[in-house]
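Notes to accompany the following structure.
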């Protein structure tokens, strides 16, 4: 075996042994959307973060790795050219790191979704919930109103 | 070993090194890449409420010293029409005047509304003369509407009667006063 092939083998050994040292890509999926259901004009409705109608996200990745969680939240829902105010409270978010997430008693509760959240991934990642309040006007035009809730997750390297 | 082989070997080592660094850099970059999920918030807003005064209470000509009463099932009763989300519960609130006045405000005449002067017709018929108890709430209190009032498939009509009591020396003229009905969804 000449040196060239020895180098090839060494090369692949280096790659094979080094790559696993780096974290697997994190992942984030939407389990539930924030659903207000039917609303009467002039009557606000609040969906608590512990409600079945709260938005739920799952974050996957290497257990123990630290991630940052950032929401990009809308300030209104829209239906065509009509808008309706939506409010996200500064304690309207919760995070659970248990393998069996407990929405009614999460590991980290009453979190501010307007700030960057930093937590370690649990053995099954993290589960994130967020509630909100929609405020239709007295003369809010009828229709189905929607808006995006964007969740961005990133390893911190710790 | 000739110089050419040594050179090739060195070039190979450098290339492998660069390739390794590239792969590791890519791996590191991926491990710090962002992941983004886009959820949504949704709400369905029901039909907005609308209210209109279909007909005013018309006491017609009255004589000094002689009170005149209009029943809420009389053709001259006041009529309000509420429309919106069918079967939705509503709350109603009257602001009733205590007197009518001439347009220049120079004279007033007492008007009163008793606890049976109002009916709520959930058929939305706008017809006080055909109102009866099967169509909603008959002869109710205009200051205390039924809590279960709701919007019928053709809207809900509110009928209002009342009584004016001109004095013996009531100044002649056309008297009027505002009757304000406020309606809102109660969430039921």
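Run down B:184, B:167, B:115 and say which single residue is outside any loop (DSSP other than H, G, I, E, B) and either modelled with pLDDT under 95 or within 27 Å of residue B:66 (Cβ to Cβ) (or both).
Going through B:184, B:167, B:115 in turn, the sole match is B:184.
Say we look at the stretch B:19-54 and pick out the residues that are more than 8 Å from chain A (Cβ to nearest Cβ) and at pLDDT 65 or above; which of these is farthest from the chain's Cα centre (by Cα)?
So the residue we want is B:54.
Applying the selection to the stretch B:56-79, what residues are more than 32 Å from the chain's Cα centre (by Cα) and assigned to a loop (DSSP other than H, G, I, E, B)?
Of everything in the stretch B:56-79, those that are more than 32 Å from the chain's Cα centre (by Cα) and assigned to a loop (DSSP other than H, G, I, E, B) turn out to be B:60, B:61, B:62, B:63, B:64, B:65, B:66, B:67.
Residue pairs, Cβ under 7 Å, 6 or more apart or interchain, first in the stretch B:176-188 and away from chain A (no Cβ under 14 Å), second at pLDDT 95 or above and loosely packed, with under 13 Cβ neighbours inside 10 Å. List them.
Once the first residue is away from chain A (no Cβ under 14 Å) and sits in the stretch B:176-188, its partners that are at pLDDT 95 or above and loosely packed, with under 13 Cβ neighbours inside 10 Å give B:180/B:95.
Please indicate, with yes or no, whether at least one residue in the stretch A:80-93 is within 20 Å of residue A:121 (Cα to Cα), more than 11 Å from every other protein chain (Cβ to nearest Cβ) and crowded, with 17+ Cβ neighbours inside 10 Å.
Among the residues of the stretch A:80-93, at least one is within 20 Å of residue A:121 (Cα to Cα), more than 11 Å from every other protein chain (Cβ to nearest Cβ) and crowded, with 17+ Cβ neighbours inside 10 Å, which makes the answer yes.
Out of all the residues in the stretch B:112-125, which are surrounded by fewer than 18 Cβ atoms within 10 Å (Cβ to Cβ) and under 20 Å from the mean Cα position of the chain (by Cα)?
Correct list: B:123 only.
The values are calculated or read from the model by the stated rules, or taken from the named source; none is laboratory data. On a predicted model such as this, the values are computed, not experimentally measured, just so you know. Cβ sites come from the backbone with ideal geometry, for glycine too, and all protein chains shown count toward neighbours.
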